[in-house]
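A.B. asks: The structure under discussion is supplied below as structure tokens; questions concerning it will follow.
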Amino acid sequence: MKICVEAIRADPSLMAHVASCDQETQRLFQMLVPFLHGELSRAEFEQLVGQVRHNLTFHYDHSGKLIENAISDRAARAEARQSSVTRGNTGHLWHFKVADDVVDSIVVSQIWKIPRSADLRAEADKIADRVHQMFLWFIDFSGEFIWRYCKL
């Protein structure tokens, strides 16, 4: 998201194209600008999205500390010591619940820093809704921008 929107903002011809879009597309672009480098909501974007991307989805935690901490946390809590594996007819139908629990622990506790004393589901849902909204703005803006750009 950041690279596309930053590249558009830095290019006068692309900004002129944004200005030629309908008001909703222009509004969506403006909703994304605060998440760019040097802008007001950049730290929020990095905390909610960037750290998940950098540590779990693309680059992984090369130090292994996040995974180690999540497993240690589970081992220290009696209610979290058991988990399950569900077998399926094919490999993609298997479900390793412990892997989901470890990833949830990394995202919820270590990256999003939701305290265990909070209602974890409610707090995680609030953050997930915020992240979802960011991506909706990006997808809706991008779809219309690309559609209009390709018509040129």
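Derivation of every value follows stated rules applied to the coordinates shown; laboratory data play no part. If you're wondering where the values come from, they're calculated on a predicted model, not measured in any experiment. Cβ: placed from backbone, ideal geometry, glycine included. Neighbour counts: every protein chain shown.
A.B. asks: For segment 117-131, just list the computed ³J(HN,Hα) in residue order, Karplus coefficients 6.51, -1.76 and 1.60, θ = phi - 60°, integers in Hz, with x standing in for Gly and Pro.
C.D. replies: 3J(HN,Hα) across segment 117-131, in whole Hz: 6, 7, 6, 4, 5, 5, 5, 5, 4, 4, 5, 4, 5, 5, 4.
A.B. asks: What does the extension gain come out to for Ala122 and His17, with contour length at 0.36 nm per residue minus their alpha carbon separation?
C.D. replies: 33.8 nm
A.B. asks: Starting at the first residue of segment 82-95, write each ³J(HN,Hα) from the Karplus equation 6.51 cos²θ - 1.76 cosθ + 1.60 with θ = phi - 60°, in whole Hz, x for Gly and Pro.
C.D. replies: The phi angles translate into 9, 8, 9, 10, 9, 8, x, 5, 10, x, 6, 9, 6, 10 Hz.
A.B. asks: Let me ask another. Which length gain, in nm to one decimal place, applies between Glu46 and His95 when the Cα-Cα distance is subtracted from 0.36 nm times their residue separation?
C.D. replies: 14.7 nm
A.B. asks: Let me ask something else. What do you get when you divide the Cα radius of gyration of the chain by 2.2 N^0.38 Å, with N the number of residues?
C.D. replies: Against the compact-globule rule of thumb, the ratio is 1.33.
A.B. asks: A further question on this structure: Once the Cα atoms of helix 65-76 and of the chain are each reduced to a long axis, what angle between those two axes, in degrees from 0 to 90 to the nearest 10, is obtained?
C.D. replies: Approximately 40 degrees, to the nearest 10.
A.B. asks: For segment 98-115, in order, what is each residue's ³J(HN,Hα) by Karplus, 6.51 cos²θ - 1.76 cosθ + 1.60 with θ = phi - 60°, in whole Hz (x at glycine and Pro)?
C.D. replies: 4, 5, 4, 5, 5, 4, 4, 4, 4, 5, 5, 8, 8, 8, 7, 6, 7, x
A.B. asks: Got a sec? Charge dipole of the chain, +1 on Cβ for Lys and Arg, -1 for Asp and Glu; which of Gln23, Phe141, Leu66 is way out at the positive end?
C.D. replies: Leu66
A.B. asks: Compute the length gained on full extension between Ile71 and Thr86: take 0.36 nm times their separation in residues and subtract their Cα-Cα distance, giving the result in nm to one decimal.
C.D. replies: So the chain would gain 3.4 nm between Ile71 and Thr86.
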